[in-house]
Structure formats: structure tokens, C-alpha cells
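Colleague: Would you mind keeping the following structure in view while I ask a few things?
FYI, it's all coordinate maths here, none of it is from the lab. Note that the coordinates shown come from a computational prediction; the quantities given were computed from them, not determined experimentally. Heads up, the Cβs are rebuilt from the backbone with ideal geometry, glycines too, and the neighbour counts pull from every protein chain shown.
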Amino acid sequence: MSKIVFVTYAEHPAILPDDQLAAEILRARGVTVESCVWNTPDVDWSQFDAVVVRSPWDYYKHPLEFGLWLDGLNVQQARVWNPTRLMLWNANKTYLQDLQNNGIAIVPTQWVEQDTERTLAAMLEEQMFGAPVAWYVIKPTISAGAYQTLRVRPQTLQAGSTTEEAVFAEIVRHSQVMIQPYMPEIAATGEYSFVFFHDSDQATLSHIILKTPATGDFRSQEQFGSTLRAVKLDELSHTLLEQAHHVVDAAVSIVDTNWLYARVDGVVRDGQLLLMELEMIEPSLFLRFDANAPQRFADALLARL
């Protein structure tokens with residue numbers, strides 16, 4: 001009998017309800033499925049036929065420890081999905097530069113080196129995107145769930161506000177920083193999440209979710225009150241669907257490894273998908289929004305056993 005472990009984190013050590021939908025299908029197929037917190041000491045991860053990294057949702061707060069854990073999986077020759085080198089690449093949002101260099105359109109981004117001595121106000125005065133920007137979004141390159149993410153008006157800084165500068169100073173002490181223009185399409189239309197699974201020979205777009213922030217907010221995560229709904233394939237152009245697929249193809253060409261799941265997050269501007277994130281470590285897969293998605297995920301995983 002095959003044995004699979006879903007990797008979780010200390011705050012929620014059990015398999016998340018969304019992932020449980022796929023776990024029940026696996027169990028019905030005779031597979032033993034359990035959960036284990038990623039940084040539990042002295043676990044023999046090689047005992048499992050598949051180590052499925054699903055919800056280690058505090059990894060970005062412990063990046064060095066997480067990297068060492070991934071190295072340990074390699075030492076144990078554990079069978080990990082997604083593969084460890086893909087997750088290491090995906091753990092720092094500088095991967096977006098690699099994708100952009102491979103022809104993927106991303107949200108315009110300026111990259112700020114760790115430990116910079118420049119103030120945020122000084123940088124935003126430069127009109128770094130070629131024209132005045134009403135709002136900027138500031139975030140660390142190692143983060144998840146809108147951790148330490150700010151939306152800033154240049155006028156606020158010019159008026160002498162110190163709150164944003166203090167947060168910025170804290171971020172650059174431990175991380176590089178991304179500065180982006182706020183994309184009003186997020187509030188007007190929403191952020192799309194394209195969920196892909198990869199079985200033995202091909203990548204398949206399983207389902208699409210549209211995430212719309214709560215009124216007055218800019219964050220699309222569920223914990224901030226965003227509205228989520230399933231999107232039918234015929235609601236979007238074939239071109240947009242191809243663009244989402246190209247993101248995954250580009251990642252695989254860069255890292256050159258197999259994979260199990262991916263989530264492509266982006267906004268649409270003038271008919272083009274602008275990539276915000278490619279999630280290949282621990283994305284919510286929104287299985288509950290498509291009746292067939294849990295089965296697709298389970299089938300893709302079973303194909304690897």
C-alpha cells in the first residue's frame with residue numbers, strides 16, 4: 001500500500017479542508033494519507049512514497065531553516081512534490097526576473113537590494129516607472145500572504161509620514177524589496193489564479209479562480225475578506241489561457257525539472273496577462289471551487305507513485 005504525507009505547519013498541523021478533498025479520494029484508492037509539520041525534528045521523509053508540500057505557510061518567516069529542510073529531503077532521497085530545486089527557485093520572488101527574461105510579461109517591478117541606505121521617499125520621488133504613480137505596492141522578495149506588504153501614496157511620504165519608512169527599513173534588513181505600481185485592475189476586475197496539474201506527460205489547466213479584494217483593500221488573499229469565484233474557461237480568451245500556460249512552460253525550461261502543481265496569479269491589462277506570482281511551493285489550489293479538481297489533483301499525484 002502506498003503512503004503519502006501532506007506537509008503542513010505548526011499553526012495548522014492537520015491537512016487543510018481544501019486539500020482534504022483530494023486526500024479522501026486518495027484514501028478511497030487504497031493510499032494511506034497523513035500529515036506532518038515541515039520542521040518536525042527527526043522525521044524520516046524517505047519512508048513516504050510521496051512527500052507533498054502543501055501548507056508550510058510559515059516558511060517565509062524561516063527561510064534559512066526551510067532551505068536546510070529542503071536540503072535534508074535531498075539527503076534522505078525523499079520523493080518530493082514539487083521537487084526541492086523548483087521550490088528553492090520559487091521561494092524568492094526574484095524568480096520573476098528569470099521569467100521576464102524568458103518572455104513572460106510581469107507587473108512592472110523595481111528591485112531594491114537588501115541593506116540599502118536609501119529612503120523609500122527618495123526612491124518614489126524618482127518616478128521609476130516613467131510617469132507619476134498614484135499608489136505603489138512595496139513587499140519583500142521572500143514573503144507570502146501579503147506579509148509586510150504596503151500600499152503607499154507618495155504624497156503620504158512627502159507629508160512626513162514615518163510609518164511606511166519604518167516598515168521599509170525593517171524589510172530591507174532581512175530581504176530584497178520589490179516596488180511596483182498598484183494595479184487598479186485588481187480592484188476593478190480582480191486577480192486571476194490559474195491552477196495547473198501535471199500528470200505523467202502533460203500540464204493541464206484544471207480551473208480558474210477570480211479573487212476580488214474587499215472594498216477599500218488592495219490584497220486579494222481570503223484572510224483579508226476578498227471575494228472568490230470560479231471562472232469558466234469560455235469567460236476568458238484563448239490568448240489569455242495560452243499566456244498562463246506559457247508561464248508554467250517558462251518555469252520548467254528555467255529549472256528543468258518535473259512538477260506536480262502550479263498556480264499562476266495575474267491581472268489582465270489591455271488583453272494581456274501580467275504575472276504577479278507563480279506559486280509552486282504551497283499555493284492554495286482552491287479545489288473546492290471545481291467538482292472535478294480534487295480528482296484531477298489525486299490522479300496527477302497517483303501517476304507518480
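Colleague: If the elastic network links every pair of Cα atoms under 10 Å, which of 153, 118, 29 fluctuates the most in the Gaussian network model of the chain?
Modeller: Greatest mean-square fluctuation among the candidates belongs to 118.
Colleague: Further, regarding this structure: Report the FRET efficiency, 1/(1 + (r/R0)^6), for residue 202 and residue 291, where r is their Cβ-Cβ distance and R0 is 25 Å, rounded to 0.05. Can you show the working numbers first?
Modeller: Details: r = 22 Å, r/R0 = 0.87.
E(calc), rounded to 0.05, equals 0.70.
Colleague: I've got another one for you. At 24 Å minimum axial length over the Cα atoms and a Kyte-Doolittle cut of -0.5, report the qualifying DSSP H helices in the chain, or say none. All intermediate terms of the calculation are to be shown ahead of the outcome.
Modeller: Values: long enough: 238-255 (26 Å, 0.71).
Qualifying helices, which must be both long enough and hydrophobic enough, are 238-255.
Colleague: Follow-up. On a full-extension model of 0.36 nm per residue, what is the gain between residue 230 and residue 40, subtracting their alpha-carbon distance, rounded to one decimal in nm?
Modeller: 64.9 nm
Colleague: Right, something else. Would you please name the GluC sites (Glu not before Pro) within segment 37-119 that are DSSP coil residues with at most 10 other C-beta atoms within 10 Å of their C-beta?
Modeller: Numbers: sites: 65, 113, 117; in loops: 113, 117.
Here the GluC sites (Glu not before Pro) that fit, given the DSSP loop and packing criteria, are 113, 117.
Colleague: Using all C-alpha to C-alpha distances in segment 1-65, build P(r) with 10 Å bins and read off the rounded percent in each one.
Modeller: Spelled out bin by bin, segment 1-65 gives 22, 52, 23, 3 percent.
Colleague: If the only charges are +1 at each Lys and Arg Cβ and -1 at each Asp and Glu Cβ, what is the size of the charge dipole of segment 1-110 around the Cα centre, to the nearest 20 debye? Provide the component values of the computation, followed by the final result.
Modeller: Working: 8 positive and 12 negative charges, 57 e Å.
For this selection, approximately 280 debye.
Colleague: Here's a follow-up. Can you give me the Cα centroid spacing of segment 185-206 and segment 287-305 in angstrom?
Modeller: Computed from Cα coordinates, the inter-centre distance equals 14 Å.
Colleague: So how far apart, in nm, are the two label points at residue 14 and residue 127 if each is 7 Å from Cα heading toward Cβ?
Modeller: Distance between the two pseudo-spin positions: 5.6 nm.
Colleague: Just how far, in whole angstrom, is segment 212-277 from segment 1-38 if you go by their alpha carbon centroids?
Modeller: That distance is 25 Å.
Colleague: May I pose another question? Given a Förster distance of 41 Å, report the FRET efficiency between residue 270 and residue 65 from their Cβ-Cβ distance, rounded to the nearest 0.05.
Modeller: Values: r = 42 Å, r/R0 = 1.03.
The formula returns an efficiency of 0.45 here.
Colleague: Under 37 °C and 0.692 mPa s, how fast does segment 110-181 diffuse according to Stokes-Einstein, given a Kirkwood radius computed over C-alpha pairs? Answer in µm²/s, whole number.
Modeller: Working: Rh = 12.2 Å.
Translational D for this selection: 270 µm²/s.
Colleague: Where does the chain land at 222 nm, in deg cm²/dmol rounded to the nearest 500, when only DSSP H runs of n ≥ 4 count, each adding -39500 (n - 2.57), divided by all residues?
Modeller: Details: 10 runs with 93 residues, N = 305.
Calculated from helices alone, the mean residue ellipticity at 222 nm is -8500 deg cm²/dmol.
Colleague: Give me the orientation-averaged projected area of the Cα convex hull of the chain, in nm², one decimal. Don't skip to the end; give the middle numbers.
Modeller: Working: hull surface 63.9 nm².
Here the figure is 16.0 nm², rounded to one decimal.
Colleague: Spelling out what I want: for every residue of segment 115-124, take phi, set θ = phi - 60°, compute 6.51 cos²θ - 1.76 cosθ + 1.60 (Karplus), and round to whole Hz; glycine and proline get x.
Modeller: Working through the residues one at a time gives 6, 4, 9, 6, 7, 5, 4, 5, 6, 6 Hz.
Colleague: Residues with beta-carbon under 11 Å from that of residue 294, excluding residue 294: net charge, scoring Lys, Arg +1 and Asp, Glu -1? Before the final figure, lay out the partial values.
Modeller: Numbers: positive: 288, 296; negative: 18, 19, 24, 290, 299.
For residues surrounding residue 294, the net value is -3.
Colleague: In this model, which of 211/232; 93/139; 93/232; 61/211 are farther than 19 Å apart at the alpha-carbon?
Modeller: In this structure, 93/232; 61/211 lie more than 19 Å apart at Cα.
Colleague: I've got another one for you. In whole percent, what relative contact order does the chain give with Cα contacts below 8 Å and a gap of six or more residues? Please report the intermediate quantities before stating the final value.
Modeller: Numbers: 536 pairs, mean separation 61.2, N = 305.
Contact order relative to length: 20 percent.
Colleague: For segment 61-109, report the translational diffusion coefficient in µm²/s to the nearest whole number, using Stokes-Einstein at 20 °C, 1.002 mPa s, and a Kirkwood Rh over Cα pairs.
Modeller: Numbers: Rh = 12.3 Å.
Rounded to a whole number, D works out at 175 µm²/s.
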